[in-house]
Amino acid sequence: MKIRKVFPLFVAVFLVFSGYSQVSIRDSSIFTSVIYAAYSFQFPGGDLSERFGVNSSIGGGLMFKTKSNWIIGAEGNYLFGGIVKNKDSLLLNISTPEGFIIDANGYFADVVFYERGYSIYGKFGKLIPLFGPNPNSGLTIMAGIGYLQNKIRIHNPGNTAPQIYGDYKKGYDHLNGGFTLNGSLGYTYMSNSRLLNFYGGFEFIQSWTNSKRDYDFQLGARETTSYSSQFYGIRLVWMIPLYKRTPKSYYLY
């Protein structure tokens, strides 16, 4: 089935389940769909910590919370960071003895390194009503399963150095990806007025990845190493629940 046929069906199902029936969030646990934006500040662990420093993650997703406070959803994230370790040795094979790259004009090329990547997850969890203004707020435990990919982005302003341009650049970026698990523990707050809805907590990610390139110029061969890596971080989420509140007043005529 083509995407253009599936997407309208998805939208229709989403609207049906988006909680347009009027409910009272103050007094009872409700079913609602939620769209959200998320930010995480993460510390690397395992094999990944030998290549990168701290990074950030921004993303968003869609989730459904049932009346019994079970949660299911999906999300995507963009990973980025500015700390790449051992970068002096990354282009050693094409550098001068002093560690510089000579560009096509005969000058020292400017080269900057970044961490880049993305992740996608299917997620599920449970909300336990505690310390909140209503039964829809409380301690939240989430788990996820998905795919994670990251690489070293090599940036040469103006693309003046052909040695690290186009497909040549791919031979040095250590692109890798694979299976990942995600877990988080935090607190969800859903206000009675629907104006302030957020989540804050701690996040842990475990990934198992391998190279997605056919050849690594730094090694002079295909990279066959498998990586076991972690992210530890603080996660903040801004949520928009989609439901209609019960009117505060009724008028009889």
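The values are calculated or read from the model by the stated rules, or taken from the named source; none is laboratory data. Source: prediction; values computed, not measured. Note: ideal-geometry Cβ built from the backbone for every residue, glycine included; neighbour counts use all protein chains shown. All accessible areas refer to the heavy atoms of the entire protein, side chains included, with ligands and DNA or RNA removed. Shrake-Rupley method; radii C 1.70, N 1.55, O 1.52, S 1.80 Å.
Take the residues of the range 71-95 that are touching a helix residue (DSSP H, G or I) at 6+ places or on another chain (Cβ under 9 Å) and open to solvent by less than 60 Å² (accessible area, probe 1.4 Å): which is nearest to Leu148 (Cα to Cα)? Among those residues, the one meeting the criterion is Val84.
For the range 162-212, the set of residues classified as buried (at least 17 other Cβ atoms within 10 Å of the Cβ), among the hydroxyl-bearing types (Ser, Thr, Tyr) and either over 23 Å from the mean Cα position of the chain (by Cα) or closer than 19 Å to Asn77 by Cβ (or both) consists of Tyr172, Thr180, Ser184, Thr188, Ser191, Tyr199, Ser207, Thr209, listed by residue number.
Considering Gly200, Gly166, the condition of being of a type outside the set (A, V, I, L, M) and more than 30 Å from Pro241 (Cα to Cα) is satisfied by Gly166 alone. Condition check for Ala104 on (1) touching a residue at least 24 places away in the same chain (Cβ under 8 Å); (2) part of a strand (DSSP E or B); (3) more than 28 Å from Thr225 (Cβ to Cβ): one failure, at (2). In this structure, Glu98 does satisfy being acidic (Asp, Glu), in a loop (DSSP other than H, G, I, E, B) and either open to solvent by 30 Å² or more (accessible area, probe 1.4 Å) or under 21 Å from Leu181 (Cβ atoms) (or both).
Only one of the listed residues (Ser119, Ser68, Ser57) is surrounded by fewer than 16 Cβ atoms within 10 Å (Cβ to Cβ), touching a residue at least 12 places away in the same chain (Cβ under 8 Å), within 21 Å of Gly186 (Cβ to Cβ) and of a type in the set (Ser, Thr, Tyr). That residue is Ser68. If you go through the range 21-57 and keep only what is farther than 28 Å from Ser228 by Cα and either in a strand (DSSP E or B) or of a type in the set (Lys, Arg) (or both), you end up with Gln22, Val23, Arg26, Thr32, Ser33, Val34, Ile35, Tyr36. Within the range 150-157, can one find any residue that is open to solvent by 30 Å² or more (accessible area, probe 1.4 Å) and either part of a loop (DSSP other than H, G, I, E, B) or charged (D, E, K, R) (or both)? Checked against the condition, which is being open to solvent by 30 Å² or more (accessible area, probe 1.4 Å) and either part of a loop (DSSP other than H, G, I, E, B) or charged (D, E, K, R) (or both), the range 150-157 yields at least one hit.
Among the residues of the range 126-161, which ones are among the small types (Gly, Ala, Ser) and either over 16 Å from Asp173 (Cα atoms) or modelled with pLDDT under 95 (or both)? Passing the criteria: Gly132, Ser137, Gly138, Ala143, Gly144, Gly146, Gly158. Specify which of the listed residues (Ile120, Ile71) is under 19 Å from Phe204 (Cβ atoms), of a type in the set (Val, Ile, Thr), assigned to a strand (DSSP E or B) and touching a Ser or Thr at 6+ places or on another chain (Cβ under 8 Å). Just a single option satisfies the conditions, and that option is Ile71. With respect to the stated conditions, Tyr147 is in contact (Cβ under 8 Å) with a residue 12 or more places away in the chain and within 23 Å of Tyr232 (Cα to Cα). For residues that are in contact with a Ser or Thr (Cβ under 9 Å, 6 or more places away or on another chain) and among the acidic types (Asp, Glu), scanning just the range 74-104, find the one that is modelled with the highest pLDDT. Among those that are in contact with a Ser or Thr (Cβ under 9 Å, 6 or more places away or on another chain) and among the acidic types (Asp, Glu), it is Glu75. With respect to the conditions (1) surrounded by fewer than 20 Cβ atoms within 10 Å (Cβ to Cβ); (2) more than 23 Å from Ser211 (Cβ to Cβ), Met63 lacks only one, and its number is (1).
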